[in-house]
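Here the structure comes first, spelled out in structure tokens, and everything after it is commentary.
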């Protein structure tokens with residue numbers, strides 16, 4: 001009942017692990033797959049190993065919200081190939097490789113390298129709010145977004161999704177560039193730029209001073225961005241919604257706004273039983289009940305209904 005097709009990607013349900021949470025190695029990704037998610041997005045992987053920022057890198061704000069500035073730590077694409085291979089040996093859940101680079105050549109190198117692991121799709125991270133030269137600065141250049149997307153499409157035969165930053169005056173500009181470059185889907189949103197200050201030390205808490213806000217607080221922003229993206233491109237490319245999903249009602253809202261699937265990240269940190277990662281089954285049970293009660297046969301029938309007059 002929950003089977004979902006997003007472009008050429010087939011999922012057992014529309015719930016995908018968001019990048020940067022648990023997609024760090026094969027053992028954890030397999031555990032997430034066994035917990036019931038439809039697909040897994042890896043941690044963002046770059047051209048070479050990157051240590052990221054020093055601690056502190058995370059601030060808990062309460063009510064399920066976080067500010068983080070990790071600095072894109074990762075083992076580098078050459079090292080990560082084996083993690084994708086091992087994960088695919090142990091689960092049938094589609095693997096979406098999230099990648100980044102400082103320029104087009106960097107993105108191409110990472111994509112070509114990770115192709116050795118045969119990921120099922122790629123997500124282009126052009127929107128990290130604290131990634132410096134690797135982050136949202138790329139997503140602000142529409143010509144570069146189009147170029148990177150177009151060049152990646154030339155070297156891979158699997159779907160390519162582009163993750164858009166909410167920290168822009170008009171998200172449609174990079175989204176249109178991605179679509180023009182041949183993107184198979186748009187992912188909205190990445191985290192919102194945010195800060196927390198320690199009133200005793202009178203300094204920002206994060207080592208990087210600012211980071212990205214995630215959790216329920218960003219859901220209204222993410223929902224509006226999905227709605228706007230669907231209004232502009234929904235008939236042309238699928239949209240993946242991400243930002244504050246923690247209950248099945250959130251999933252329904254995102255789908256009504258225009259999302260074909262949703263990514264879940266911060267909510268996993270607040271699961272009552274982190275070992276079982278129960279949120280995916282909870283979302284599935286709630287969505288099934290809603291579809292049955294309202295007379296729908298599959299999630300795709302909900303997509304974009306909030307746009308009907």
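Worth pointing out:
- Residues 160, 32, 252, arranged from fewest to most other Cβ atoms within 10 angstrom of their Cβ, appear as 252, 32, 160.
- Beta bridges per DSSP with both ends in the chain, % antiparallel, nearest 5: 40 percent
- Modelled FRET efficiency - R0 45 Å, residue 154 with residue 282, Cβ distances, 0.05 increments: 0.65
- Counting 0.36 nm for each residue step from residue 102 to residue 147 and taking away their Cα separation leaves a gain of 14.9 nm.
- Approximating the spin labels as points 7 Å out from Cα along Cα→Cβ, the residue 25-to-residue 199 distance works out to 4.1 nm.
- Cβ-based exposure ranking for 271, 37, in which fewest neighbours within 10 Å come first: 271, 37
- Of the three principal axes defined by the Cα atoms of the range 1-76, the extents in descending order read 44, 35, 24 Å.
- Applying 1/(1 + (r/R0)^6) with R0 = 22 Å to the Cβ-Cβ distance of residue 10 and residue 89 gives a FRET efficiency near 0.70.
- Each Cα pair under 8 Å and six or more residues apart adds its sequence gap; the mean of these over the residue count of the range 128-269 is a relative contact order of 20 percent.
- Shape category assigned to the chain from the gyration tensor of Cα positions, a/c cut at 1.5: rounded
- Protection proxy ranking of 80-86, 239-245, 42-48, 295-301 - average other beta-carbon atoms within 10 Å, highest first: 239-245, 42-48, 80-86, 295-301
Values quoted throughout were computed directly from the atomic coordinates according to the rules given, and no laboratory measurement underlies them. Remember, it's a predicted structure, so these values are computed and weren't measured experimentally. Because the Cβ atoms are built from the backbone with ideal geometry, glycine has one as well, and the counts that use them run over all protein chains shown.
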